[in-house]
Amino acid sequence: MKFILAAIGVFLFVSLAVLYVLGTGVLGTSVDAGTPNGTRLPIPGIADRAARQTLAAKAAGNAQPKQILFGDLHVHSTFSTDAFMMSLPMNGGDGARPVSDACDFARYCSTLDFWSINDHALALTPERWQQTVDAIRECNEVSGDPEVPDVTAFLGWEWTQVGTTPDNHYGHKNVVLRHTDEARIPSRHISAGLPRGADAADAPSNFTYGALALALPESGSDLVRYFKEMLAPEHCPDGVPVRDLPTDCREVARTPEALFAKLEDWGHDALVIPHGTTWGYYTPLGTTWAKQLSKGMHDPTRQRLIEVYSGHGNAEEYRRWRGVDIAEDGTRTCPAPADDYLPSCWQAGEIIRERCLADGESVATCEERAVDARANYLVGDNSGHHTVPGTSAEEWLDSGQCRSCFLPAFNHRPGNSVQYILAQGRPAGGPDPERFRFGFIAASDNHSARPGTGYKEYDRRDMTEMRFDAFGRGFLGTVDDRDKEPESTQVPEPNPQEFFGALETERQSSFFLTGGLVAAHADGRSRDAIWEALERREVYGTSGPRILLWFDLVNPPGTRGLELPMGSIVTLPAEQTGPIFRVRAVGSREQLPGCPLFAPSVLGAEELDRLCRGECYYPSDERRLITRIEVVRIRPQLAASEAVDPLIEDPWRVIPCEPDATGCRVTFSDPEFATSGRDAVYYVRAIEEPSEAVNASGIGCQDVPIDDDCLGEVEERAWSSPIFVDQASQARL
């Protein structure tokens, strides 16, 4: 017996020791930033690209064009937690995608002019941040002459904030830095803080981590090491100037006001770019951007651009419907369906009603249960679908989705749309900023270190984030409602504090797109020339294709022959009849299959397939047609109490284009401006002829096999930055 007990004791001791060692993460492989390939693109190829663009611009009537440079200012590597999780074999991934991969992809696959890295700050550590800095510097070293680089890489991170209510939710913002040298960048990235319960003090024990490593033999040790490293840094102390903080702590700003204050304290050139504003996947029902037009919450010197479109969908369009009605006293009720919108809370009630009737209950009883189900869904908010157990994604139909929007974000939140944001206005001379004056960009929001994935519509598995479903339903433990018995009564409310594990990853996966691009009208290819175009808002976004677009005010006051480009702010005198605008747009070049010879000669066949999936940006001489120009006019509020709906006119004008491969040229004016007594914001959309795009059918792609691209017909487009036209004198309420 003593021998048996001793043997058991030794076994337990060894088992616990093994668990403890596994839980330290020492057996896992640490992710790193990697090293980019050291071969620059050929100078003749870059010159040819510029020459072709100049010819197209002149054919469209632009005699002295600036260069239009295409980039992607929203890219993640496996330093980001969700990107790391999606890279793991247990989630269908095929390995790490470091920062260096993004550099190579931008150079050889998508052939961008510029890009930035924007890993989630909450997952970065001091070591990962320093590796990111080093990798971006190495990428730029390969680029050659700083005045004419083949690719310019910008340094940055994503400030990832998620609130639990409309009042404390501010959303995600990318911070992009102008410089990369030590004297002009922060010593630390700035995060919005780790999720509740994820601080180092609340981290699982080594024994718990060890059990996880054993349970996941394929990826567990790497997973443990990743999280041990991520949770190790302590939070920096509050109230200390940023330069006096330790270099190895985690700097936290929990609100936009705190973020702007810290950036101001650092004093370095930085842009803060909100993105994914309408993405209802994590945005609480009823959230609007109105609260961010307040003192401290908006910094017009840094927050000058907004992401109108990405691989997560379109954030542009406003709609009058909402996913919840909120009374002045805070009471929340479920709205009835509209012609172009089915609230998810309403569909929860319909599912329960149908089950109730099928169980033979009375109509009155089933109606009571439907009412309860709608209310219960709202308690759960973004995890409200768990209040109806045993459902399939199909039973929710297209609830929560914008049926009339162009490639909308999942569970579109119109109160956070770019149009709603531009319509905000406050009295002049008050304590708050008067307006948001954002320029428009688009991006990929790619999580596999692939900037600019929208150059071809192919490979849904790797060129979109559709594998996010495996990540959300796998390790993070989303309750699989399909395994539960359907019930015809309400269930206890889900915890609205839960994050990925409680959200609709299965339905969301069919809304991921290949993503968009930002286009900058720059005076040259240098870092400074690109940055200055971004700062003056002389930029536009596209849904992926490299459409050429110019949007100008042709009659600014006090000038002869001078035009003001997109992004400009101008005040027209009372005696002037109104603004006159000119639009010139040229369609993108059709793509050839495969890659130019340079990419395979540098990368080799195996690396070309791993990195680019065998396809590169490879334009032909044939251009797509621009079919029409759509003009949007927004007249910002005169006071916060003014209704927004009548102020957003989309489209205000639709101007057909003749079928001409050299592009479309139109002029329009606003004779109502002079007598309106209001400022106005104008921007245009240049619409291409129909073509096919990945996941274009939205909710219809959720049951499509992973190797099917689920191609659907869309009209790709470019969004100009607005031109802001103010009244010379305007009495505000």
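Observations on the model:
- Rounded to the nearest 20, the Cβ-based charge dipole of the chain about its Cα centre (Lys and Arg +1, Asp and Glu -1) stands at 1600 debye.
- Relative contact order computed over the chain (Cα-Cα under 8 Å; 6+ residues apart), in percent: 15 percent
- Which of 318, 543, 63, positive extreme of dipole for the chain (C-beta unit charges): 63
- Order of 238, 459 under a 10 Å beta carbon neighbour criterion, fewest first: 238, 459
- Look at the Cα gyration tensor of the stretch 505-615: its axes a ≥ b ≥ c give a/c of at least 1.5 with a/b over b/c, and that counts as prolate.
- Reachable lysines from residue 291, criterion Cα separation under 27 angstrom, eight or more residues apart if same chain: 173, 262
- Relative contact order computed over the stretch 377-427 (Cα-Cα under 8 Å; 6+ residues apart), in percent: 17 percent
- Lysines whose Cα lies under 17 Å from that of residue 66, excluding same-chain neighbours fewer than 8 positions away: 58
- Mean Cα-pair separation over length for the stretch 154-303, i.e. relative contact order, pairs under 8 Å, 6 or more apart, %: 34 percent
- Annotation for the stretch 431-447 versus the stretch 648-673: alpha-carbon center distance of 24 Å.
- Highest-first packing order for the peptide set 278-289, 129-140 is 278-289, 129-140, based on the mean count of other beta carbon atoms within 10 Å.
- Listed residue (412, 651, 349) projecting farthest to the positive dipole end of the chain, Cβ model: 651
- Charges were assigned to the Cβ only: +1 to each Lys and Arg, -1 to each Asp and Glu. The resulting dipole of the stretch 31-101 about its Cα centre is roughly 540 debye.
No lab work stands behind these numbers, since they all come straight from the coordinates. Values in this document were obtained by computation on a predicted structure and should not be read as measured data. Don't worry about glycine lacking a Cβ; one is built from the backbone with ideal geometry, like all the others, and counts go over all protein chains shown.
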